[in-house]
Amino acid sequence: MAELEAGTTAAAQRPRPLSPHLQIYKFMLSYVMSGFHRVSGFVLYFGVLLIAWWLIAAATGPNAYASIEWFMGSWIGRLVLLGYSWALLHHMLGGVRHLIWDLSYGLEPTEREFLALATIVGSISLTVVVWVVGYLAMGGPR
Amino acid sequence: MKQNQILTPMRRVRGLGAGHSGTHHFWHQRITSVAAIPLTIAAIIIAISLLGRSHAAVVQILGSPLVAIVMLLFIINTTYHMWIGLQEIIVDYVHEDKLKLACLMGNTFFVFAITFASAFAILKLSFGV
């Protein structure tokens, strides 16, 4: 019963072990994508302001709608929209990956890393597809 | 057992254990994430189809019943998902009690404001006036 008595001896004075931090672990894409899932969710939380602004502007009238169209047409507006659409698609694919894991599929080491890679490659590809379709729908870049 | 301890060990363990609602948020986050897949795809398609259109056309399309219903479901599902998600982030990183309460309240205020403002806008587009 040495452990039970340890609290009263010199063992209690020793610095307690700390859990290892990120830099100790071997690099894994799966943990990077895990963090990125949370970061993209956090970004989307505030990105929803864009959708609310868009809907309220449409409901308010032509002038309000013209101002959001002007902002989204500017280079900074396009950049914000690009970041928002990528975060949205990335979070969606990351969520699908988590649902796959919830059903206890794809948990082997190689499968985990494949799913993490598929998330990032898939989200970038989907974002490109959405923007190409978007520009085609508008009749070319402007 | 100590003399001042009326509870049995099992009762004590149970009393300190589950709050009987531990998986509630986990489950609701899963429901809303599954619902978010078709709703987000639909919202992206709606947004793309409205690109570059005049205000009058946007009002007409966003206000049509099917589009308005999909957008309402998208907004409500998304904001509920956001509410749980940010609460999880707050309790993970904000440890100072009063600041944590303020963040949790702010999260609720933000989510309700966004939900009601967006829903009002969609309904106004649908019902005119």
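Note on A:84-91: average number of Cβ atoms from other chains within 10 Å of each residue's Cβ is 2. Averaged over the residues of B:80-90, the number of partner chain Cβ atoms lying within 10 Å of the residue Cβ comes to 3.
Peptides B:38-44, B:79-85 ordered by packing proxy, namely the average of other Cβ atoms within 10 Å per residue, highest first: B:79-85, B:38-44. Legend: mean number of C-beta atoms from other chains within 10 angstrom of residue C-beta atoms, peptide B:67-73, equals 0. In order along the stretch A:79-87, phi translates into HN-Hα couplings of 5, 4, 5, 4, x, 5, 5, 5, 4 Hz, rounded to whole numbers, per the Karplus curve 6.51 cos²θ - 1.76 cosθ + 1.60 with θ = phi - 60° and x for Gly and Pro.
Computed from the alpha carbon atoms alone, the convex hull of the stretch A:83-133 holds 60 Å³ per residue. All alpha carbon pair distances within the protein assembly as shown were sorted into 5 Å bins beginning at 0; the resulting P(r) in whole percents reads 1, 5, 9, 12, 14, 14, 12, 9, 7, 5, 4, 3, 2, 2, 1, 0, 0.
Taking A:25, A:84, A:45 in turn, the Gaussian network model of chain A (Cα-Cα springs below 10 Å) assigns the largest fluctuation to A:25. Size of chain A: Rg and Dmax of its alpha carbons, in Å, are 23.5, 78. Between B:118, B:49, B:33, the Gaussian network model of chain B with springs among Cα atoms under 10 angstrom shows the greatest mean-square fluctuation at B:49. Its DSSP H runs of at least 4 residues, each contributing -39,500 (n - 2.57), put the calculated 222 nm mean residue ellipticity of chain A at -26000 deg cm²/dmol, to the nearest 500.
By the count of other C-beta atoms within 10 Å, a proxy for reagent exposure, A:38, A:16 are ordered fewest to most as A:16, A:38.
Using the Karplus relation 6.51 cos²θ - 1.76 cosθ + 1.60 with θ = phi - 60°, the per-residue 3J(HN,Hα) values for the stretch A:94-104 come to x, x, 4, 4, 5, 5, 4, 5, 4, 8, 6 Hz, with x marking Gly and Pro. Computed over all pairs of different Cα atoms, the Kirkwood value for the hydrodynamic radius of the stretch B:23-127 is 15.3 Å. Screening chain B for DSSP H helices whose Cα atoms reach 18 Å or more along their own axis and whose mean Kyte hydropathy is at least 0.0 gives B:24-50, B:65-93, B:97-127.
Laboratory data are not the source of any read-out in this text; all were calculated from the coordinates shown. Only a predicted model underlies this, so the values are computations on that prediction, with no experimental measurement involved. So basically every Cβ, Gly included, is an ideal-geometry build from the backbone, and we count neighbours across all protein chains shown.
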